[in-house]
């Protein structure tokens, strides 16, 4: 189903505020650098949990407590192996980005609408992480420890939520430059009336 990204972000604009760029994260299942470690770990975790639960369930006169004990570990194993990728894809499908003359806008939330804004005048350090093909992430600030080791988008309340970011967007370097130019022009006191709106499709 088509999602009008511009109209969703435009709902958050103030009077006389102009949208310079808008976009959305790339869609579908996406692997992260952290999956180099998470995939083997998830297989080990899930394999042990499934083996434990099967062994206990088929054991004669096994205490019911042992069966109940293994259920949360099996559930976690299912999430680690499969569920986290589905969660991440759904979360990105409900996330929308915008840049105006004055601020960064991030609209997100799978079950409830959450709006995060960053004032360009007070913009902290900005980091560009670009993959081959132009897909990448722009982070507005530094991610503190321990969130820095939980940057996989498949983890609720992971590092991606520690600071605002444009995650897995196309033409990342172009968007990075748009933000920089907008910030610079704003500091110089110039308007953005003549800038064309740029759209990036997720």
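Observations
- Top-ranked residue in the range 161-186 [being in contact with a helix residue (DSSP H, G or I) (Cβ under 7 Å, 6 or more places away or on another chain) and closer than 12 Å to residue 101 by Cβ; ranked as modelled with the highest pLDDT]: 182
- All of 106, 138, 143 fail the test of being modelled with pLDDT under 90, surrounded by 14 or more Cβ atoms within 10 Å (Cβ to Cβ), within 15 Å of the chain's Cα centre (by Cα) and not assigned by TED's automatic domain parsing to the domain that holds residue 40, apart from 143.
- Scope the range 45-83; condition exposed (fewer than 12 other Cβ atoms within 10 Å of the Cβ) and closer than 25 Å to residue 30 by Cβ; matching residues: none
- Listed here are the helices (runs of 4 or more DSSP H) enclosed by the range 6-119 that have at least 3 residues being free of Cβ contacts under 8 Å to residues at least 40 places away in the same chain: 35-58, 64-78.
- Odd one out for residue 34, checked against (1) modelled with pLDDT of 90 or more; (2) under 22 Å from the mean Cα position of the chain (by Cα); (3) surrounded by 13 or more Cβ atoms within 10 Å (Cβ to Cβ): (1)
The values are calculated or read from the model by the stated rules, or taken from the named source; none is laboratory data. On a predicted model such as this, the values are computed, not experimentally measured, just so you know. All Cβ positions, even for glycine, are placed from backbone atoms using ideal geometry, and neighbour counts span all protein chains on display.
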